[in-house]
1. Being closer than 21 Å to Phe82 by Cβ and buried (at least 24 other Cβ atoms within 10 Å of the Cβ) is the filter here, so list the residues in the stretch 155-188 that pass it.
2. If Asn299 passes every condition in (1) modelled with pLDDT under 95; (2) open to solvent by less than 30 Å² (accessible area, probe 1.4 Å) but one, which one does it miss?
3. Condition test on Lys413, is it in contact with a Gly (Cβ under 9 Å, 6 or more places away or on another chain), open to solvent by 10 Å² or more (accessible area, probe 1.4 Å) and of a type in the set (Lys, Arg)?
4. Restricting the search to the stretch 259-311, which residues are of a type in the set (A, V, I, L, M, F, W, C), out of contact with any Lys or Arg (no Cβ under 6 Å at 6 or more places or on another chain) and outside any helix (DSSP H, G or I)?
5. Based on this model, can you work out whether Val408 counts as crowded, with 19+ Cβ neighbours inside 10 Å, in contact (Cβ under 8 Å) with a residue 60 or more places away in the chain and not in a loop (DSSP other than H, G, I, E, B)?
6. Scanning for something free of Cβ contacts under 8 Å to residues at least 40 places away in the same chain, basic (Lys, Arg) and within 24 Å of Val201 (Cβ to Cβ), does the stretch 162-182 turn up at least one residue?
7. Quick one: which of Val118, Val125 is in a strand (DSSP E or B) and over 18 Å from Leu58 (Cα atoms)?
Amino acid sequence: MKRLICIISAVCWLTAGMAQADKAGAYQMHYTVTPDTARHYLNVRLDYRASAHDGAELVLNMPRWAPGYYEMLDFAKHLCDFRATDGAGNALSWCKDGMNRWRIHLPASCQAEITYRVYANRRDVASSRVDCAAAFVAPPGVFMHVDGDLEHPVTVTFRLPSEWRHISTGLKPARDDAMTFTARDFDTLYDSPFLAGNHRVSRFIHEGHDYEFALETPDGADEIGLERDFRRIVSAATRMMGDVPYDNYCLIHMGKGDGGLEHLNSQACYTDGTYRFESRRHHVKFLALVAHEYFHLYNVKCIRPAELWPIDYDREAVTPMLWVSEGLTCYYEFRLLQEAGITTPDEALELLSTYLRLYAPYEGQHHMSLRQSSYDIWLNFMNSDDNYRDVRINYYFKGPVIGLILDVAIREKTAQRQSLDDVMRLLYRRYYQQLKRGFTEEEFWQAVAEVAGTPLTDMRRLVDTTDEPDYDRLLAPAGLRVDRTGWTIRPVASPDASQQVFLQRLGLAR
């Protein structure tokens, strides 16, 4: 009987494996993308081939938002001239089903060629841009997946202008075609932006991993030591987290613009169009952006709230924990730059003070909690109403200050044996590496209690309510205070021995 059960189990396992293989091989999707540099379009062709026809329609879906950019962008509004034909060029009937879904009647041959154009003329990190010199391709607004099947592999080939030499992305090119890339699934494709053109490309190996710099406007990059500082940031993060979750990493920096967006093995940022910064302050601010997007590969791409995975590209991923994903990442800008030996203590405190000034003097902190700002970000990501600072806060601003206070509390409770770093490592190890899922709100606070050795209910209250923190009392163990005349975080005048140790551990001792 035991032998029979084993045979039956093996047959069931084999059958399930064959079914999965059949599903993976049931159809192929190959995209070809050709930039129209004169009119700012991406011309897109999808070659769809299925092995069998079951009478069902082909339903294609384009995402409505890009992970990390918490706004419903409805990319389909930039799409035009949708057309579907069979293998012989005969038109296929199709219809729209909602704003971002297309239904196509497949022919008996199970083949279809779908073409459309995407207008690409926006300079934000979640949108595509095409001009005479370059093309930035943000995949969520360009590629469609078969509705309900994000796990299917997909291949993309680029047909670039003859004078363009490079295409840079976190994906690895095919061995026989440098312009063709395959993603194991659509989540991977949507997380892999491309920069094509004549940008400067440099490649190097650092601590056993491959890196590529793709700089659209490289002026001044060598003079400021961009590669040197990036290596330091990577090494600091590796020491802090104890792991590197990628094989290769691509740093995509574009010309004049604003903002950055994280990806698992790349970052896409706009710059000032030059690395010749007008002041040291502007230089440090830029390096903080680089550190921010890099640390996101741990905190949000790996350590992520449960509501953010699996990704539903059709609707908002509402979570009260973005203050962790974004606010604490802002805190780790300062930590990474300090650990990397890039900033001075005064520069690090100025980074944190900049965030404090953006919310502490304003009435909004008494109307919206840090938790609520995380929950409501889909309403307020780009909300520039005149009353914004009167009724709301932004987790990007208050989050890093609460991160400092939380770090100080953990260090004080554990006599400097543990810190917020240990919380991040615990979340990374337990939920990303071991359980392979996101964490819940309660699990985050349980992790904090586990590291601190006791529940930090006062810290949670600062997140969940609009109570104003008693900054001087909470920061006193670390030898820090808040000068309210300019909302600046400063060391106390004469730190005692315990406070001096705190400042040294935080990299803030002068």
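The values are calculated or read from the model by the stated rules, or taken from the named source; none is laboratory data. Remember, predicted model here, so these are calculated numbers, not experimental data. Cβ coordinates were reconstructed from backbone atoms using ideal geometry, including for glycine residues, and neighbour counts include every protein chain displayed. Just the protein is used for accessible areas: all its heavy atoms, side chains included, with ligands, DNA and RNA removed. Shrake-Rupley method; radii C 1.70, N 1.55, O 1.52, S 1.80 Å.
1. Within the stretch 155-188, Val156, Phe186 meet the criteria.
2. So Asn299 meets the others, but not (1).
3. yes
4. The answer is Leu261, Ala268, Cys269, Phe277, Leu297, Val300, Cys302, Ile303, Trp309, Ile311.
5. Taking the combined requirement at face value, the residue satisfies it.
6. Yes, the stretch 162-182 has at least one match.
7. After applying the criteria, what remains is Val118.
Listed here are the residues, each with its yes/no results for (1) in a strand (DSSP E or B); (2) of a type in the set (Val, Ile, Thr); (3) under 20 Å from the mean Cα position of the chain (by Cα); (4) at pLDDT 95 or above.
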site	(1), (2), (3), (4)
Glu151	no, no, yes, yes
Thr155	yes, yes, no, yes
Met179	yes, no, no, yes
Ala196	yes, no, no, yes
Asp219	no, no, no, yes
Asp229	no, no, no, yes
